[in-house]
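Input: a single structure, listed below in structure tokens.
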Amino acid sequence: MNTPICLKSDGGKLEISLPALSQMLKFRQNRCWKSEAGGVLMGRYIRESLDVVIDDVTIPMRGDRRKRFNFFRDRDRHQRAINQAWQESDGTTHYLGEWHTHPEKVPIPSPSDRANWNRHLQQDIFSGDTLFFIIVGTESIGIWEGHLKNPIHILIGEFNYSHFNTR
Ligand SMILES: [Zn+2]
């Protein structure tokens with residue numbers, strides 16, 4: 001199975017590790033009864049490079065509100081997971097962004113997704129000036145890059161699941 005690798009706007013690479021990818025793909029809305037899911041992205045800034053690796057994600061937790069076309073995560077519980085990962089990694093695991101699912105083949109961010117992403121960029125605490133946003137569709141995954149000073153999110157990767165040998 002290949003690891004999805006995207007080219008960031010600064011020339012560095014963003015890699016999605018296989019454990020993180022397969023966690024997200026478990027929540028693909030490929031059945032009509034499956035509701036939206038989501039969580040936060042966590043990973044590392046690779047030293048002496050511009051590269052970033054998403055090592056882990058949080059998955060839906062108690063307190064989240066999940067609907068077919070909506071997902072709201074319980075801020076405190078996911079924040080605790082971020083804090084714990086940061087501590088257990090001696091400060092090398094960082095909050096990198098957000099992911100959620102869509103019940104469509106090729107995911108397209110809704111206006112409220114974009115508003116939420118900008119809210120995260122303005123309000124969340126993170127290193128640097130970039131957050132990443134992933135939408136898991138039923139046939140492909142899309143990865144967007146958001147900048148603190150730019151309200152336009154850039155699509156940096158789109159991968160069809162037929163490239164990955166997951167189920
Ligand atoms: Zn959405």
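Values in this text are rule-based calculations from the coordinates and carry no lab data. This one's a predicted model, so the numbers in the text were calculated from it and none came from an experiment. Every residue, glycine as well, gets a Cβ built from its backbone with ideal geometry; the counts of neighbours run over all protein chains shown.
Of all DSSP beta bridges in the chain, what percent run antiparallel (nearest 5)?
The answer is about 80 percent antiparallel.
So how do ASP51, ASP56 line up by other beta-carbon neighbours within 10 Å, fewest first? Display every interim value, and only then the final one.
Values: ASP51 16, ASP56 20.
Ascending number of Cβ neighbours within 10 Å: ASP51, ASP56.
What is the extension gain from ARG31 to PHE126, computed as 0.36 nm multiplied by their sequence separation minus the C-alpha to C-alpha distance, in nm to one decimal?
30.7 nm
If you rank THR92, THR58 by fewest surrounding Cβ atoms within 10 Å, what's the result? Don't skip to the end; give the middle numbers.
Details: THR92 13, THR58 23.
Result, fewest neighbours first: THR92, THR58.
Output needed for segment 59-167: three equivalent-ellipsoid semi-axes, defined as square roots of 5 times the C-alpha gyration tensor eigenvalues, in descending order, whole Å.
After diagonalising the Cα gyration tensor, the semi-axes are 22, 18, 16 Å.
To the nearest 20 debye, what is the magnitude of the charge dipole of the chain about its Cα centre, counting +1 on the Cβ of each Lys and Arg and -1 on the Cβ of each Asp and Glu? Don't skip to the end; give the middle numbers.
Details: 22 positive and 20 negative charges, 167 e Å.
The calculation lands at about 800 debye.
Summing +1 for each Lys or Arg and -1 for each Asp or Glu, what net charge is found among the other residues whose Cβ lies under 14 Å from the Cβ of ILE143?
Spelling it out: positives minus negatives among the neighbours equals -3.
Alpha carbon centre of segment 62-94 versus segment 126-167: separation in Å?
18 Å
Shape verdict for segment 1-66, please, from the Cα gyration tensor: rounded (a/c under 1.5), prolate (a/b greater than b/c) or oblate. Numbers along the way, then the final one.
Values: a/c = 2.76, a/b = 2.03, b/c = 1.36.
It comes out prolate by the Cα gyration axes.
For a quick check: sort SER110, SER140 by the number of other beta carbons within 10 angstrom, fewest at the front. Present the calculation step by step, with values, prior to reporting the outcome.
Details: SER110 13, SER140 18.
Listing SER110, SER140 from fewest to most nearby Cβ atoms yields SER110, SER140.
Restricting to DSSP H runs of at least four residues, report the calculated mean residue ellipticity at 222 nm for the chain, -39500 (n - 2.57) per run over all residues, nearest 500 deg cm²/dmol.
-6500 deg cm²/dmol
Using the Cα centre of segment 5-163 as origin and beta-carbon charges of +1 (Lys, Arg) and -1 (Asp, Glu), tell me which of VAL57, PHE69, ALA115 is placed farthest towards the positive end of the dipole.
So the residue we want is PHE69.
I'd like to know how segment 33-123 sits against the 2.2 N^0.38 Å rule of thumb: what's its Cα Rg over that expected value?
Taking the Cα Rg and dividing by 2.2 N^0.38 Å, one obtains 1.16.
Assign unit charges at the C-beta atoms only (+1 for Lys and Arg, -1 for Asp and Glu), then state the dipole size of segment 12-69 relative to its Cα centre in Debye, rounded to the nearest 20.
560 debye
Using a basic spin-label model with each label point 7 Å from the Cα along Cα→Cβ, how many nm lie between GLN79 and ARG65?
So the label points at GLN79 and ARG65 sit 1.8 nm apart.
If you keep only loop residues by DSSP, which trypsin sites (Lys or Arg not before Pro) in segment 77-124 have at most 13 other Cβ atoms within 10 Å of their Cβ?
Sites meeting the loop and neighbour criteria: LYS105.
Determine which lysines satisfy two conditions relative to LYS13: a Cα distance under 29 Å, and not lying fewer than 8 residues away in the same chain.
LYS26, LYS105, LYS149
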